[in-house]
Each structure stands twice: as C-alpha cells, then as structure tokens.
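**Student:** Sharing a structure, written as structure tokens. Questions coming.
The values are calculated or read from the model by the stated rules, or taken from the named source; none is laboratory data. This structure is a prediction, so every number in the text was calculated from the model and none was measured. Heads up, the Cβs are rebuilt from the backbone with ideal geometry, glycines too, and the neighbour counts pull from every protein chain shown.
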Ligand SMILES: *Cc1c(COP(=O)(O)O)cnc(C)c1O
C-alpha cells in the first residue's frame, strides 16, 4: 500500500456503501428497541473479541460487530429497562456522534467553532439552574464533575493547595445526606482527604436532616476539623428524594460552607411540570452543580457537566499554561475560552455536539414532557405495587423512582429472573435493612402498558417462589 493510503479507505465509494449498510443496521436496531432486551454475553465472548491485529475489511469487520458485540449491550435501550439510572439514548445523538467523529475536533482549546457550542450548552445550563451567569465545563459524567467542583471549593478556602498540597492544612469534612452518592466519597479519596472526610448526615425518608447537619458542623469545628462543603442531593439514587436545598443553603451561608449540588439526574425535573419542577427549588443558590446528560436527557454515553458559580475561582483552580500551550492573539492558538483551563483533561472529545443536537433537535418542551411522563409512570407503578397482594411500596414515590418490597423471595434473585427472561430490568437496593426491587424510570420508550406488564411479571415471579 502506498504512503498516505495505509489508514484511509483506498476506495471511498466502497466505504460509503459499507457505511450506509452500517447506518441501516443501526437504525434497524433503534427501530426494534422493543425486541432487543439485554442478552448475556456468551461463554466465549472474550475469545470472539480477542485482538488478532490481522486487519479486516470494513464490511466483514462490522458484520462481526453486529453479530458478536451489539446484541450483548446492557439493554437500556429497551422500554422495560429501569435498572440503576441508565439513559436510553436518542437517534439524534447517534447522528451527532458520527458527525463529531468526522470532525475529530480536540476540544481542549484553540479557536474553533466547537468551543462556542460547548459554551452555549453551559450558558443554557445556567438558565435551567436559575443562575444569571457563571462558569462550567462538560465532563464525562457526574463523578468527574464532582472532583472538579470539590477542587474549586477547596481552592476557595485554601488557595495555597495548588503549590503545597495538603501539607499544613486542617482535616476537612464534606457533609452529605445518608444515601447520597458514593462519587463524593471517591472524589475525596482521589483528592487526598480520604473516605473519612465524608460525613453522612441523617436523612429520614431520604431527605437530609438540616438540624443534624448544623449539629455535625458544630461538633466537627469543636474537634478542630474544617467543615468545607455541604452536598445537596438533588434526586437520590436510592429513593429519588430531594434535599430541601433552600434550608441546606441557609446552613451553608451561616457556616461559610460551599454548597455543591449532586443533581446527576434530578436536575432535569426542572424541565418537568409542577409539582416535580419545584423539587429542586434552591439550586439557584449553589456554588456548584454536577449533572448528567446521559441519564434523563437520553444523550448517548458519556456526557455530563459541572457548573461553577465563580469563573475566576474556576480558572484559578485549573488553569495551567506551559510554553507549548501559550495563547496566541490570532490563528488557531487564539480564542479566549479554552476548556483545558477549567478541568483536568487537555485532549477531549466534542461531547457538546450530541448534547446541543439533542436539546436543539428534540426541544426542551418535549424533553420536559418526557420527564413528567416518567414521574407519572413511577407513581403508577407504586399504585400497582400497593394494589398487589404479593408486592408493597417500600417508600413513597417522590419523582421517577419506585422501590418495591416483595412479600417473599430475595430481591436479587427476582431481579435476575426478570432480567434473564427478558421481562423487565429492575435493580435492587436496601430500604431500612430490607432488600427491594428498584425502578428508576428515565426511559422515553416506557409506556403505561410497560409498567403494567413489568409489575405483573414481578408479581408472577414472587408467586412462583415457594
Ligand atoms: C449516576 C449518579 C452519579 C454518578 O454519575 P456518573 O455520571 O455515573 O459518573 C452521581 N450522583 C447521582 C445521584 C447519580 O445518580
């Protein structure tokens, strides 16, 4: 093969024909989402995908992809998938991913159109959060966004941390409701504070007890610790509950703590109808917010974002420009807004395009209506569980989460049974020490009929337990 032709297709027409075929198979897969539940990987899956490095033409190569890989996805594209908090994906997102790969823009910085798209997404998020302005960055998800947010919080309190690390600093504490997400603990571990820097505040019915928060802060101060951040949970993974953010913000202000909101999926109830739209009232007082697009906004994985109120602080925390990254006035090295100044990554993909395309293409009204529907479906699932003689609702339905206690049988066995049979995907959790089935409905393909069928299948599985 001649120089310059090793990697690109030699025959572009043949490649285009292959790509049409691949596109067709992708669309068929989306169209048939209802017929493609999760299918466990076969015993020889590892052998099938083992790298030979031999090289293969596009047509047969993607035959392998569609035969050996595609069928064994997690199945979260299916209408009766409610496990964990998995987004469903959109057709618009599929198109945007292909275009983004075609552009192959490195979104770390430089003067390019994509930076304006990313900033447009961040600006729009400020509006949804009720912020007049602010800073922010797209991330791979809420876990990464949390590291960025907590780093800014620490920088505000201890500006010497970038040069000196943790040397000489007091032991810090970050407060989060019991049942809040483990990404906060992980962030504190990688930041060098250790898991013990997380203080889990009592949360009756899944909502942070603000008096217990005040007491914990006072106690920690008396013990010589430094209370740094309070995390408001905006949609808990276990129960779909929301902290009273206005009350939490009052404590943060009184105690001079940074208020971070973990709004991974719960942020999007702000697009829904009342009463769900008001669940996150008070988020406009936060210093930082983390959220995902790949859950309730159905943008294909992975896509999240962090919002930081104070842009100067955000830059102070992450900006690092050695000589090979110096900004130029004109040309590609120009451009005022370089994403790398706001986070950990230098090279990064054009995540913003699939988000921008989803919001612009589908529109906020349709997205909001979808979120409203999911909340209504969760409430309906709760009603059906309560009406069943073998099921019970384990906790009140607040948003899009419904947690069901079976009269007998182990929740993990029941969930596995339904998954293997292709009936429905619930995950499991513990509520007050009892193992339960959990549905987090962030699925735009789910219908009321799916909810009925899923609860019926679960009831039948419980009845089959002897
Ligand atoms: C999913 C989730 C996270 C973690 O987000 P990733 O995007 O998976 O990193 C954090 N908090 C809550 C409430 C979540 O639901």
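**Student:** Just to check your reading of the model, which residue among 120, 145, 100 is in a helix (DSSP H, G or I), within 16 Å of the ligand (Cβ to nearest atom) and under 23 Å from the mean Cα position of the chain (by Cα)?
**Tutor:** Residue meeting the stated conditions: 145.
**Student:** Any idea which of (1) at pLDDT below 95; (2) over 25 Å from the mean Cα position of the chain (by Cα) is the one residue 393 doesn't satisfy?
**Tutor:** Of everything listed in (1) at pLDDT below 95; (2) over 25 Å from the mean Cα position of the chain (by Cα), residue 393 misses just condition (1).
**Student:** Looking only at residues in region 183-214 that are in a helix (DSSP H, G or I) and in contact with a strand residue (DSSP E or B) (Cβ under 7 Å, 6 or more places away or on another chain), which one is farthest from the ligand (Cβ to nearest atom)?
**Tutor:** Restricting to residues being in a helix (DSSP H, G or I) and in contact with a strand residue (DSSP E or B) (Cβ under 7 Å, 6 or more places away or on another chain), the top hit is 212.
**Student:** Related question: Which numbered condition in (1) away from the ligand (no atom under 13 Å from the Cβ); (2) within 17 Å of residue 150 (Cβ to Cβ) is the only one that residue 224 fails?
**Tutor:** Failed condition: (2).
**Student:** What is the residue count in region 152-177 for residues that are away from the ligand (no atom under 16 Å from the Cβ) and in contact (Cβ under 8 Å) with a residue 60 or more places away in the chain?
**Tutor:** Residues in region 152-177 being away from the ligand (no atom under 16 Å from the Cβ) and in contact (Cβ under 8 Å) with a residue 60 or more places away in the chain: 8 in total.
**Student:** Do you know which of the residues in region 330-344 that are in a loop (DSSP other than H, G, I, E, B) and in contact with a helix residue (DSSP H, G or I) (Cβ under 8 Å, 6 or more places away or on another chain) is farthest from residue 118 (Cα to Cα)?
**Tutor:** 344
**Student:** Within region 225-245, is even one residue more than 20 Å from residue 154 (Cβ to Cβ) and in a helix (DSSP H, G or I)?
**Tutor:** Yes: region 225-245 contains one or more residues that are more than 20 Å from residue 154 (Cβ to Cβ) and in a helix (DSSP H, G or I).
For (1) at positive phi; (2) touching a strand residue (DSSP E or B) at 6+ places or on another chain (Cβ under 7 Å); (3) modelled with pLDDT of 95 or more, each residue gets a yes or a no:
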residue: 72; (1), (2), (3): no, no, no
residue: 75; (1), (2), (3): yes, yes, no
residue: 111; (1), (2), (3): no, no, no
residue: 118; (1), (2), (3): no, yes, yes
residue: 123; (1), (2), (3): no, no, yes
residue: 132; (1), (2), (3): no, no, yes
residue: 135; (1), (2), (3): no, yes, yes
residue: 138; (1), (2), (3): no, yes, yes
residue: 142; (1), (2), (3): no, yes, yes
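**Student:** So residue 92 clears everything in (1) assigned to a helix (DSSP H, G or I); (2) within 16 Å of the ligand (Cβ to nearest atom); (3) touching a helix residue (DSSP H, G or I) at 6+ places or on another chain (Cβ under 6 Å) except one condition, right? Which one?
**Tutor:** (2)
**Student:** Take residue 34 and tell me if it is closer than 25 Å to residue 456 by Cβ, in contact (Cβ under 8 Å) with a residue 40 or more places away in the chain and either assigned to a helix (DSSP H, G or I) or not assigned by TED's automatic domain parsing to the domain that holds residue 429 (or both). Don't jump to the end; show me each part of the working.
**Tutor:** Numbers: closer than 25 Å to residue 456 by Cβ: yes; in contact (Cβ under 8 Å) with a residue 40 or more places away in the chain: yes; either assigned to a helix (DSSP H, G or I) or not assigned by TED's automatic domain parsing to the domain that holds residue 429 (or both): yes.
Criteria met by residue 34.
**Student:** Considering each of 136, 180 in turn, give the residue that is under 30 Å from residue 214 (Cα atoms), out of contact with any helix residue (DSSP H, G or I) (no Cβ under 9 Å at 6 or more places or on another chain) and not in a helix (DSSP H, G or I).
**Tutor:** 180
**Student:** Quick check on my filter: what residues within region 40-64 are within 30 Å of residue 417 (Cβ to Cβ) and without any contact (Cβ under 8 Å) to a residue 60 or more places away in the chain?
**Tutor:** 41, 42, 43, 44, 45, 46, 47, 48, 49
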